[in-house]
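Working notes for the structure below.
Here, each number is a calculation from the coordinates, and none is a lab measurement. Here the structure is a predicted model, which is why all the values come from computation and not from measurement. Every residue, glycine as well, gets a Cβ built from its backbone with ideal geometry; the counts of neighbours run over all protein chains shown.
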Amino acid sequence: MNNNKHKILIIEDELNICNFVKTILETNDYQVVTARNGAEGKTIGFSHNPDLIVLDLGLPDIDGCNLIQIFREKVGTPIIVLSARTNESDKVKALDLGANDYITKPFGTNELLARVRATLRNNRFAGIGDRQLRKKFTVQDMSIEYELRRVMIGKTEIKLTQTEYNILELLSVHAGRVLTYSEIIKKIWGYSDSGSIKKLQVNMANIRKKFGERPGEYRYILNELGIGYRMNAESEKEEQ
Ligand code: CA
């Protein structure tokens with residue numbers, strides 16, 4: 001049975017946090033290996049072939065962002081960054097270097113587990129193409145039928161422009177995970193200029209309007225201020 005467990009590497013120099021994360025993950029049936037500095041993390045990351053790496057950005061020996069680069073040059077192992085920093089630019093940098101998601105300290109059990117599940121699930125679909133695996137995405141009362149490019153809320157079809165649909169589909173394929181502005185812009189428009197973020201925000205505002213969402217009550221797509229957007233993950237029941 002143990003062979004089926006996902007193996008997660010925690011790279012974190014603060015013993016309290018390392019043990020906190022380890023305990024939560026082990027309690028939830030993940031196999032855990034730990035490293036207390038960047039050099040050890042690098043060695044274990046390459047030798048143990050983990051399914052996921054939880055990486056603290058503030059390590060004593062190697063900058064966490066450098067470690068992301070080192071891993072990304074060789075392996076596609078998903079990385080969730082732990083950041084005590086409130087500076088959005090550090091998180092954006094980590095994400096743009098190839099981290100899959102981030103969690104800001106302090107964080108709770110549910111948040112950690114939700115991020116871990118979403119990241120493992122996203123990665124399982126990565127490369128194969130989520131649309132080939134799944135024809136439909138559902139979160140709460142909203143659904144996307146990929147082949148028909150049809151979006152429904154309840155029984156009402158929502159008419160989106162090509163661009164609006166493409167943004168929605170992109171976010172849904174990575175549901176549960178934050179996508180940075182530049183990541184979305186590159187995938188939707190293929191290039192980025194000074195007006196791109198504004199263009200993205202205008203499209204997002206139109207999507208929200210068509211969804212009947214008002215500021216502060218976003219049910220489907222969350223704003224990650226200064227970073228990007230995150231589609232709510234499908235409910236646990238539907239995930240299985
Ligand atoms: Ca630290």
So which lysines can LYS5 reach, going by Cα to Cα under 19 Å and dropping same-chain residues fewer than 8 places off? LYS22
Cα centroid distance between the range 204-232 and the range 37-103, in Å? 28 Å
Would you kindly derive the ³J(HN,Hα) couplings of the range 160-175 from the backbone phi angles with the Karplus curve 6.51 cos²θ - 1.76 cosθ + 1.60 (θ = phi - 60°), listing them in order in whole Hz, with x for Gly and Pro? 10, 6, 3, 5, 4, 4, 4, 5, 4, 5, 4, 5, 5, 5, 10, 3
Only Cα pairs under 8 Å and at least 6 apart count here; give the relative contact order of the range 47-119 as a rounded whole percent. 30 percent
How tilted is helix 15-27 with respect to the longest principal axis of the chain? Cα atoms for both, answer in degrees (0 to 90, nearest 10). 60 degrees
Quick one: which of 202-209, 9-16 comes out on top by average Cβ neighbours within 10 Å, and what's the full order, highest first? 9-16, 202-209
Please list, in chain and number order, the residues 5+ apart from ARG177 or on another chain whose amide H is under 5 Å from its amide H, with Hs placed from the backbone. MET231
Using modelled backbone amide H atoms (1.01 Å from N, in-plane), which distant-in-sequence or interchain residues come within less than 5 Å of GLU224's amide H? TYR229, ARG230
Links that overshoot a 20 Å alpha carbon limit, given the list LYS91/LYS186; LYS105/LYS186; LYS7/LYS105; LYS93/LYS187; LYS7/LYS42; LYS42/LYS74: LYS105/LYS186; LYS7/LYS105
Cα extents of the chain along the three principal axes, largest first, in whole Å? 51, 45, 32
Straight distance only, please: which aspartates and glutamates reach the Cα of LYS136 with their own Cα at less than 20 Å, same-chain residues fewer than 8 apart left out? GLU145, GLU147, GLU157, GLU164, GLU169, GLU234, GLU236, GLU238, GLU239
Against the longest alpha carbon principal axis of the chain, how many degrees, from 0 to 90 and to the nearest 10, is the axis of helix 64-74 turned? 80 degrees
Karplus 3J(HN,Hα) series, Hz, for the range 150-156 with 6.51 cos²θ - 1.76 cosθ + 1.60 (x for Gly, Pro): 10, 10, 10, 10, x, 9, 9
